Amino acid sequence: MDRRKVDVVISAILIIVSLIILTNDSLSEGGVETDLGSMFLPRIVACFIIVFSAVIGIQSLLKLSKKARMEDIEKIDLTGFMGVNIYIGTFIFYWFLVPYVGFLLVTPFVMFAIAYLLGGRSWFAMTAVSIITPVLVFYGSSHFLRVFLPTWSLS
Amino acid sequence: MFDNIIGGFSSILAVGPILGIIAGIFVGIIFGAIPGISAIMAIAIILPLTFYVDPIIGITMLLAVYKAGIYGGSISAILINTPGAAASFLTAQDGNALTKQGKAGKALDISLFSSVTGEALATLVLIFVAAPISVISLQAGPIEKVFLLLFAFTVIGSLAGESIPRGLLSCVLGMLFAMVGLSTITGASRFTFGVTELMAGFTFTPMLIGILVMPEVISTIRLRHKPHHDLALSKSANPDDNRINFKEFRSVFRTILKSTGIGTFVGALPGLGSSTAAFMAYGEAKRTSKTPEKFGKGSVEGIAAAESANNAVCGSSLIPMLTLSIPGDDVAALLMGAFLIHGLTPGPLIFFEHTETIYAIFAGFLLTDLFLLFIARSGFGFFTRVASLKRHFIFPCVTIFAFAGAFTAGQNMNDVLILIVFTIIGYGMRLVGLNPAVFIIGFILTPFLEQNLDQAIAIVGTDYHLFFASPFSWVFIALSIFFVYSSMRMKKKSSSILASTLEKTIDQKGGAQ
């Protein structure tokens, strides 16, 4: 994938967001009056975002229009991205399930799924690690750190 | 000062801190030695565990993870030519060449001895230099601090990024994210869009793990089809090949001292980091060596130079953080976060408000070097076996530790959502060449900038020219311009060298055909 095209799109998005920050007064609510005001620094930062995004975007646009040879650094390698999507999907699913089903019940399945995704096929060892690690983390955090990870709460 | 140092040792020589240091060293070496896991990842994962212990135990444990992690990176570099961090790249060249000659033990030994020597000497510099600098920096008022922080943003952004605009953009994006939530100055809620969970801003720990740690996991998942390399420590029949003797160590001691000096100096400058230090020291050692032809082909001197320089950065990178509140690199930014979580605000006042704690941490630093030497020396075999664990056992555990660490910060699931969101942002940033570490530094320093800017405006009123009345203002402006200019020149030079190398390669290929 050509990173220069991504640069142009991201630069455009960042410039639009910065323009909204510069022009919209409702992004800050309440607070006391000061010499600077609550939006002074965010607006200065927004100006800088516009400048740097514009520099990156224009440079990439010029290279694209001149059809300049793509450097290695400008190539986004998408090999193996399906696995990344599955991993992030699994993590979001995990985040969604844990409050209802509990850390101890969901985590072994998630660990096993990630191990499988990473190419693990030693079923017994993977199962053992997937069960022992959550138990250690759950009881370790509750006993030593006083952090109580979510438990079953469907009722 | 000496009373404080002795007091520091008496605080650190207790069961809790010593166990913390030992645990930190074990975790650091193992994480550092596992290819694909860096010291920074280890610190971020261990960070939530330290919330509930005394700052002396927690911070010294994190520093032990840091130091041991940097050293651990050299184990995989030497044994399988896979540097755990960019700073170990040169160690990998010479170390792996020695491994191929059956001298892995010698390479590991010199790497350990030079790492520990570099670290210990840099720590001594930190101890003796930090407090006097902090006395000077105490003289700085809000106006000077504003210029100092702007200087820090400019230097870190321009030096650490892939290009100057990308580095600076990473920094300002971090600044923007830091302003989400209630303003500490006015009490106004900014960029919350009516979401009450955003009123407190983004929780630091999940954001940090998401930006710095999880993208490494994603990279591993993306490259999951690459074959796994087992770490193995082969022993030579000749005992001299398995260790470094005193004569050999003495012959490279001058190189170690010089490289430590380079590492300490580079580490004290914000934005350069351990890779720059290692490359500079290696270049200097090669230039002055009697056997420069051996460099890159198994030179003990080369390993000594690279390792002592990159480990010296560990101690000296804390100098700007502790004296000026400026984290010099990503690890220092992370440690600054850890200090803040433990109620210690890095800056000149730390030496006066938390004297006992800070000197105990310094003493812990020196003690870590001692323990690192003994633990690493006696456990090469053990660490290589543990670090050989297959990635399908390691990365599911890292994911769960990251989840539990994010949850620990505020004991709610919203923090886990922050972790997921910043994981995606962090990985996206890497793909488009933005620097996550600079983003974090921008995020951490913005509240200080806003506070000092507000105070500075209150002082000058409408006489804005007073901003430029102090000589410090002009010094920092001049330094910022100098660093941006020199960074531009440096990047231009390196790209022209790269282009000429490419041309030569293409010509050679053309000639061969």
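Here are some notes:
- Residues that are touching a Pro at 6+ places or on another chain (Cβ under 7 Å), within 26 Å of B:K226 (Cβ to Cβ) and among the hydroxyl-bearing types (S, T, Y), drawn from segment B:43-90: B:S76, B:T82
- Scope segment B:98-111; condition surrounded by 21 or more Cβ atoms within 10 Å (Cβ to Cβ), part of a helix (DSSP H, G or I) and not hydroxyl-bearing (S, T, Y); matching residues: B:L98, B:A104, B:G105, B:K106, B:A107, B:L108, B:D109, B:I110
- Filtered by the rule that a residue be touching a helix residue (DSSP H, G or I) at 6+ places or on another chain (Cβ under 8 Å), among the β-branched types (V, I, T) and either in contact (Cβ under 8 Å) with a residue 40 or more places away in the chain or over 15 Å from B:F403 (Cα atoms) (or both), segment A:128-145 gives A:V129, A:I131.
- When A:T151 is tested against the conditions (1) more than 10 Å from every other protein chain (Cβ to nearest Cβ); (2) modelled with pLDDT of 85 or more; (3) exposed (fewer than 13 other Cβ atoms within 10 Å of the Cβ), the lone failure is (3).
- The number of residues in segment A:27-45 that are within 7 Å of chain B (Cβ to nearest Cβ) and either on the phi > 0 side of the Ramachandran plot or in a helix (DSSP H, G or I) (or both) comes to 6.
- One residue stands out among those in segment B:59-91 that are surrounded by fewer than 24 Cβ atoms within 10 Å (Cβ to Cβ), part of a helix (DSSP H, G or I) and not aromatic (F, W, Y): the one that is modelled with the highest pLDDT, which is B:I80.
- Top-ranked residue of segment B:376-400 - restricted to ones that are crowded, with 21+ Cβ neighbours inside 10 Å and aromatic (F, W, Y), ranked as farthest from the other protein chains (Cβ to nearest Cβ): B:F383
- Residue pairs whose Cβ atoms lie under 6 Å apart, sitting 6 or more positions apart in sequence or on different chains, and linking a residue in segment B:407-418 that is touching a residue at least 40 places away in the same chain (Cβ under 8 Å) and facing chain A (nearest Cβ under 10 Å) to a partner that is surrounded by 16 or more Cβ atoms within 10 Å (Cβ to Cβ) and of a type in the set (D, E, K, R), are B:A409/B:D415.
- Filter pass, A:I132 being surrounded by fewer than 18 Cβ atoms within 10 Å (Cβ to Cβ), of a type in the set (A, V, I, L, M), at the interface with chain B (Cβ under 7 Å from one of its Cβ atoms) and assigned to a helix (DSSP H, G or I): no
- Scope segment B:355-370; condition out of contact with any Ser or Thr (no Cβ under 9 Å at 6 or more places or on another chain) and surrounded by 19 or more Cβ atoms within 10 Å (Cβ to Cβ); matching residues: B:I358
- Unique match (being among the aromatic types (F, W, Y), facing another protein chain (nearest Cβ under 7 Å) and either in contact (Cβ under 8 Å) with a residue 40 or more places away in the chain or within 24 Å of B:G428 (Cα to Cα) (or both)) among A:F103, A:F48: A:F48
- Of the numbered criteria (1) more than 24 Å from the chain's Cα centre (by Cα); (2) in a helix (DSSP H, G or I); (3) closer than 30 Å to B:N414 by Cα, the one A:S60 fails is (3).
- When B:S274, B:S308, B:S299 are checked against the criterion of being polar (S, T, N, Q), more than 30 Å from B:F204 (Cβ to Cβ) and within 21 Å of the chain's Cα centre (by Cα), B:S308 stands alone in meeting it.
- Matching residues, segment B:441-463, being loosely packed, with under 15 Cβ neighbours inside 10 Å and within 11 Å of chain A (Cβ to nearest Cβ): B:A458, B:I459, B:G461, B:T462
- Residue count for segment B:188-198 satisfying the condition of being loosely packed, with under 12 Cβ neighbours inside 10 Å, out of contact with any helix residue (DSSP H, G or I) (no Cβ under 9 Å at 6 or more places or on another chain) and either within 11 Å of chain A (Cβ to nearest Cβ) or closer than 17 Å to A:L36 by Cβ (or both): 1.
- Which listed residue, of B:S473, B:S480, is of a type in the set (S, T, Y), more than 14 Å from chain A (Cβ to nearest Cβ) and out of contact with any Cys (no Cβ under 8 Å at 6 or more places or on another chain): B:S473
- Filter result for A:I13 (more than 8 Å from every other protein chain (Cβ to nearest Cβ), under 23 Å from B:G174 (Cβ atoms) and among the hydrophobic types (A, V, I, L, M, F, W, C)): yes
- Scanning segment B:5-18 for residues that are hydrophobic (A, V, I, L, M, F, W, C) and closer than 13 Å to B:L63 by Cα yields a single hit, B:I18.
- Test: residue in segment A:109-120 that is free of Cβ contacts under 8 Å to residues at least 40 places away in the same chain, in a helix (DSSP H, G or I) and either polar (S, T, N, Q) or more than 9 Å from every other protein chain (Cβ to nearest Cβ) (or both): yes
- Test for A:I58: is it surrounded by fewer than 15 Cβ atoms within 10 Å (Cβ to Cβ), modelled with pLDDT of 90 or more, under 30 Å from A:L22 (Cβ atoms) and more than 8 Å from chain B (Cβ to nearest Cβ): yes
- Segment B:316-380 holds helices (runs of 4 or more DSSP H) entirely within its bounds, and those carrying 1 or more residues that are among the acidic types (D, E) and within 21 Å of B:I30 (Cα to Cα) map to B:330-341, B:355-378.
- Criterion violated by B:E450 - all others in (1) at pLDDT 85 or above; (2) assigned to a loop (DSSP other than H, G, I, E, B) satisfied: (2)
One line per residue, one yes/no per condition, for (1) more than 20 Å from B:V213 (Cα to Cα); (2) under 23 Å from the mean Cα position of the chain (by Cα); (3) assigned to a helix (DSSP H, G or I); (4) at pLDDT below 90:
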site	(1), (2), (3), (4)
B:F382	yes, no, yes, yes
B:V386	yes, no, yes, yes
B:H392	no, no, yes, yes
B:V398	no, yes, yes, yes
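To keep it simple, each residue is scored yes or no on (1) surrounded by 12 or more Cβ atoms within 10 Å (Cβ to Cβ); (2) more than 9 Å from chain B (Cβ to nearest Cβ).
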position: A:R3; (1), (2): yes, no
position: A:I21; (1), (2): yes, no
position: A:M70; (1), (2): yes, yes
position: A:I76; (1), (2): yes, no
position: A:T79; (1), (2): no, no
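- Among the residues of this structure, A:L97 counts as one that is in a helix (DSSP H, G or I), more than 9 Å from chain B (Cβ to nearest Cβ) and surrounded by 13 or more Cβ atoms within 10 Å (Cβ to Cβ).
The values are calculated or read from the model by the stated rules, or taken from the named source; none is laboratory data. Keep in mind that what you see is a predicted model, and the values were worked out from it rather than measured. Cβ coordinates were reconstructed from backbone atoms using ideal geometry, including for glycine residues, and neighbour counts include every protein chain displayed.
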